[in-house]
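Structure, as C-alpha cells:
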Amino acid sequence: MKILRAVEPMREAVRMWRRQGKTVGFVPTMGALHEGHLSLIHRARVENDRVVVSVFVNPTQFGPGEDLTRYPRPFRRDAALCRRAGVEALFAPRSFYPLDYQTWVTVETLSQPLCGRFRPGHFRGVATVVLKLFNVVQPDRAYFGQKDYQQWRVIERLVRDLDVPVTVVGCPTVRDKAGLALSSRNAYLSAEERTAAPLLARSLRDAGQVLKSGQGVAAARRAARAVLGRIGNARVQYLDVVDPFTLADPRPDGPWLVAAAVYVGRTRLIDNRWVKP
Ligand code: PAF
C-alpha cells in the first residue's frame, strides 16, 4: 500500500490505474478508523479494482470550541488497518488548504436543518473538502456511512448539482452489540457513558414504533425523550423527525427520518433511523 502525503503523487497513482483501465473506489475519512469505516472499505474493495482511503482531519468542518485539537489521530494504526483491508493507496495530505484559500462549496437548503442548525459552517467545510478530495482522487465510486445521514445527503446533492462524475454510495450504519452506532468519537466516552449511550439508538427505535402506529410526530418525540432521559448526564441538542429526502417537515403519512444529536457528558453523539410507514 502506498502512503501519499501530497496531491501530485496521489494524482499520478490514479492516472496510472486509469491508463490500465482500472476502476477506483474511494473512502474519505478523518482517521481513527473503526468497523464502520472498514465496512465501507470492504464494499469499495468488492465493487472496484483499486481502493483509495483518505485520512485528513479537516479543520474547516470544525467550529470554534469543537474537538479539532483533541480529535484522535492514531495514524500508524489506521495505516495498518488499511493495509490489512487491501487498500492500494492511503492519501493523507500534510496540508490541503493553501494559506490564502478562499473557495467554498455550499449546499444551501440541505445543510440547514438538523446538525446544520447547531454547527454553522460544518457542511460547507465537509462539502468543500469532499469536492477537493474528489478532484484529486477522481474516483468512480465514493462510500459514505449513513450514520452521518445529513452528510451523505449533502454530498449526494453536491455531486448531482455540480455534475461531479462520481457515484455516491450510502452504506448502512454499523453498530456494536448493544446497538450503539460506531463513531470515532465513541473513544471519548467513559465506561459509564458507554454503557448508557446505546439508549440513543433505543430512543430512535421507540420513536419509530410510535410513528408506525400512527400516533404522530409529537408523540414520537415524547417517546424518544423518555428513553433519552434515562441516560445519566445527557443533553439533547436536537431530536427531529424529518422527511428522509428533503430533511424538511415530513408528510403526515411518512416516510420519516428520526434523527438526534445528544451530548453524553462532553461527547456529542449523533444517530438516525429511517422509518417506513
Ligand atoms: O465523515 C467524515 O469523516 C468527514 O466528514 C469526511 C467525509 C471525511 C470529510 O472530512
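Exactly one residue out of PRO98, PRO139 is more than 12 Å from the ligand (Cβ to nearest atom), over 22 Å from ILE270 (Cβ atoms), free of Cβ contacts under 8 Å to residues at least 40 places away in the same chain and not charged (D, E, K, R): that is PRO98. State which residue is surrounded by the fewest Cβ atoms within 10 Å (Cβ to Cβ) when the search covers only segment 232-251 and only residues that are of a type outside the set (S, T, N, Q) and at pLDDT below 95. Top of the filtered list is GLY232. Within segment 143-156, the set of residues being of a type outside the set (Phe, Trp, Tyr), near the ligand (Cβ under 9 Å from one of its atoms) and over 19 Å from ALA201 (Cβ atoms) comprises just one member, ILE155. Among the candidates ARG141, ARG175, ARG157, ARG117, the residue that is of a type in the set (Lys, Arg), under 23 Å from VAL52 (Cα atoms) and out of contact with any Gly (no Cβ under 7 Å at 6 or more places or on another chain) is uniquely ARG157.
The residue that is nearest to the ligand (Cβ to nearest atom), counting only those in segment 106-122 that are crowded, with 19+ Cβ neighbours inside 10 Å and in contact (Cβ under 8 Å) with a residue 40 or more places away in the chain, is HIS122. Once segment 1-21 is narrowed to residues that are in a helix (DSSP H, G or I) and not hydrophobic (A, V, I, L, M, F, W, C), the residue that is surrounded by the most Cβ atoms within 10 Å (Cβ to Cβ) is ARG11. Look at ASP253 and say whether it is touching a residue at least 24 places away in the same chain (Cβ under 8 Å) and part of a strand (DSSP E or B). Against the criterion (touching a residue at least 24 places away in the same chain (Cβ under 8 Å) and part of a strand (DSSP E or B)), ASP253 does not qualify.
A Cβ distance below 8 Å, combined with a sequence gap of six or more or placement on separate chains, defines the contacts here; from segment 64-77, residues that are closer than 16 Å to ARG119 by Cα reach residues that are in a loop (DSSP other than H, G, I, E, B) in the pairs GLU66/ARG119; LEU68/VAL57; LEU68/PHE62.
For segment 93-129, a tally of residues being of a type in the set (Val, Ile, Thr) and in contact with a strand residue (DSSP E or B) (Cβ under 6 Å, 6 or more places away or on another chain) returns 0. Looking at LEU211, is it part of a helix (DSSP H, G or I) and within 25 Å of THR109 (Cβ to Cβ)? Here the answer is yes, as LEU211 does meet what is asked. Every condition in (1) outside any helix (DSSP H, G or I); (2) within 13 Å of the ligand (Cβ to nearest atom); (3) among the aliphatic types (A, V, I, L, M); (4) within 27 Å of VAL264 (Cα to Cα) is met by VAL168 except one, and the failing one is (4).
When segment 237-250 is filtered for residues that are within 12 Å of ALA261 (Cα to Cα) and touching a Ser or Thr at 6+ places or on another chain (Cβ under 9 Å), only LEU239 remains. Could you say which residue among ALA197, ALA191, ALA178 is at pLDDT 95 or above and touching a Pro at 6+ places or on another chain (Cβ under 7 Å)? None of the others qualify; the one that does is ALA178. SER190 - would you say it is touching a residue at least 60 places away in the same chain (Cβ under 8 Å), under 30 Å from ARG73 (Cβ atoms) and crowded, with 19+ Cβ neighbours inside 10 Å? Against the criterion (touching a residue at least 60 places away in the same chain (Cβ under 8 Å), under 30 Å from ARG73 (Cβ atoms) and crowded, with 19+ Cβ neighbours inside 10 Å), SER190 does not qualify. Among the residues of segment 16-72, those that are away from the ligand (no atom under 13 Å from the Cβ), farther than 16 Å from ALA142 by Cα and of a type in the set (Gly, Ala, Ser) comprise GLY21, GLY63, GLY65. Would you mind stating whether TYR97 is among the hydroxyl-bearing types (Ser, Thr, Tyr), at pLDDT 95 or above, surrounded by fewer than 13 Cβ atoms within 10 Å (Cβ to Cβ) and over 20 Å from ARG185 (Cα atoms)? No: the conditions fail for TYR97.
The values are calculated or read from the model by the stated rules, or taken from the named source; none is laboratory data. What you see is a predicted model; the values in this text were computed from it and never measured. Glycine also receives a Cβ, built like all others from the backbone with ideal geometry; neighbour counts cover every protein chain displayed.
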